[in-house]
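Written out below as structure tokens is the structure these notes cover.
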Amino acid sequence: MKTAVIIPSRLASVRLPRKPLHLIAGVSLVERVWRQASQSGFDVFIATDSDEIASHVASFGGKFIMTPA
């Protein structure tokens, strides 16, 4: 059995809209979390219902899983 890390990510935040794509020192929050989780040695996936997040994750070489809204 393989172990994987699944990171949920959605754009519909109430307190900080579009939070996963928010840049911190030029790097998006979702990419920072993905980079940290990738150091675990497990397969890491971003679970999202957003095509925009999925496209962004693919742009930095991450893997994503599309979920229903």
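The values are calculated or read from the model by the stated rules, or taken from the named source; none is laboratory data. Being a predicted model, the structure only gives us computed values, none of them experimental. Cβ sites come from the backbone with ideal geometry, for glycine too, and all protein chains shown count toward neighbours. To get the accessible areas, we keep the full protein, side chains included, count just its heavy atoms, and leave off ligands, DNA and RNA. Shrake-Rupley method; radii C 1.70, N 1.55, O 1.52, S 1.80 Å.
What FRET efficiency comes out for the pair A12/R35, r = Cβ-Cβ distance, R0 = 25 Å, nearest 0.05?
0.60
So how much slack lies between A47 and I24, counting 0.36 nm per residue of separation and subtracting their Cα-Cα distance, in nm?
Result for the pair: 6.2 nm of gain on full extension.
Around P20, with a cut-off of 12 angstrom between Cβ atoms, what is the net charge of the other residues, counting Lys and Arg +1 and Asp and Glu -1?
Here the count lands on +1.
Which one is right for this structure if Cα extents along the principal axes in Å is calculated from it: (i) 91, 26, 7; (ii) 36, 27, 26; (iii) 37, 31, 21?
Matching entry in (i) 91, 26, 7; (ii) 36, 27, 26; (iii) 37, 31, 21: (iii).
Once the Cα atoms of helix 29-38 and of the chain are each reduced to a long axis, what angle between those two axes, in degrees from 0 to 90 to the nearest 10, is obtained?
Long axis of 29-38 versus the principal axis of the chain: about 10 degrees.
Provide the per residue accessible area, probe 1.4 Å, for the chain, rounded to a whole number of square angstrom.
Result: 68 Å² per residue.
At a 1.4 Å probe radius, carbon and sulfur cover how many percent of the accessible area of the chain?
58
May I ask for the net charge around A4, where only other residues with Cβ less than 14 Å from the Cβ of A4 are counted and Lys, Arg are +1 while Asp, Glu are -1?
+1
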